[in-house]
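No lab work stands behind these numbers, since they all come straight from the coordinates. All values derive from a computational prediction rather than experimental measurement. Note that we place each Cβ from the backbone using ideal geometry, even for glycine, and neighbour counts take in every protein chain shown.
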């Protein structure tokens, strides 16, 4: 046909328009009695893989081709697994050290200095289960135990995964390797295509070449006048485009915010660049005291901070110096028995805690009852490890109303934990400069054990009275980044800041 459209045959073929790649692929499918893999079609048709995939999907939308899809689970070493294999697995390194130390190894000794705590714990646990270690400390080989030079099942499995020898993989040890972050299980899809009965009825004789678009060259030389253009098939389905995907950590934070909104909290925000006044002074943290150092604040040079309202500054200064507030007959407490330095109060710092947002919120005079939360970044001078980072997320919150007690605070912690699917919550007394009583809530990470994520307490009168708040206020600064580690199954806080597209596009970190 001059327009490239097939006409229905007596047998009932449906009129359909085919591009050249679609026609070539359909001819290949009709010539095969069995379904064909996409890779084989790309090879036989000499078309690019992307062209093959797109053309097959269009044939499917026209009901001319059908697909059979199967899925396999493929084991691969993670980046951590590749590093461990390059150095030898921790259990092998420990076993080699024990072979050279008949008297045993002290857990705190220099011989084990090259092991991270997590590595050493995993290695000791595996060697004990395998019967290599004698009971007690120091670590030493068990007399009459297994041959320490023989390959360990974990080593053999890792080697088999690298070689792609699936039959040699010990499935019993794979879950342990996955839990340790050495091996990842990836889901791989395989598609095999075949022509449908309708596709086999379509006449596929050679036709005049069809064009899909007008080019500048055709316009210049007038070639478009005699060209045959491929008609549009308005019945064809439009491909679904997923677009961008949020970072798994950010997606998790959105879910966490939904829990807070469901509990009746409203959102507040505050600046990342703060002053010592809002970051510490208004929270009754002494200006020159070791208690202030627990936050390891990062100072900012070359800037001058803005002073708070003068009446608020004077009330906070009175509390720090142990003087009575205006209108009061006596001071709240003896204070810190030191002069309050108003210049320190103006000093700019990077916010070390979102409690500064709570202070600003309370200073604005909210009407009780009130519930506020803020999820944002903070900065501290930290040594990087699995649970500490220079930049970290914190979920600040306050609950203010008559009759608020510590039971309300712990109830909020339990509601949030249960909303995230966390069933194990441990709460114990603690200390913070601006709350009394204070508690810490711990949740259990599958690999790191108990980690502290729910610190909080009731704001002290020294905090509330200068701000003009007359109702008890429960406050907390949830370690939301650590909490996300539990929710996302991450064992190292640094993994939440990865830019590894191969891992991010799977939705896992």
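The table below lists the values:
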| item | result |
| --- | --- |
| Simple label model, 7 Å out from Cα along Cβ direction - residue 228 to residue 200, nm | 2.7 nm |
| Potential extension, residue 341-residue 428 segment - 0.36 nm per residue separation minus Cα distance | 27.8 nm |
| Among 314-320, 84-90, the order from most to least packed when residues are scored by Cβ within 10 Å on average | 314-320, 84-90 |
| 222 nm mean residue ellipticity, helices alone, for the chain (DSSP H n ≥ 4; -39,500 (n - 2.57); rounded to 500) | -9000 deg cm²/dmol |
| Convex hull (Cα only) mean projected area of the range 342-450, reported in nm² to one decimal | 8.9 nm² |
| Förster radius 51 Å - calculated FRET efficiency between residue 61 and residue 452 (Cβ-Cβ, nearest 0.05) | 0.40 |
| Angle in degrees between helix 49-61 and the longest Cα principal axis of the chain, rounded to the nearest 10 | 80 degrees |
| Order by protection proxy (mean Cβ within 10 Å, highest first), peptides 483-489, 352-358 | 352-358, 483-489 |
| Rounded to 10°, Cα long-axis angle of helix 20-30 versus longest principal axis of the chain | 70 degrees |
| The chain shape via C-alpha gyration tensor axes, a/c threshold 1.5 | oblate |
| Sorted peptide list for 192-200, 278-286, 99-107, 57-65, criterion being average Cβ within 10 angstrom, highest first | 278-286, 57-65, 192-200, 99-107 |
| Rounded D (µm²/s) - the range 79-181, Kirkwood Rh over Cα pairs, Stokes-Einstein at 20 °C, 1.002 mPa s | 150 µm²/s |
| Nearest 10 degrees, 0 to 90: helix 248-262 Cα axis against the chain principal axis | 60 degrees |
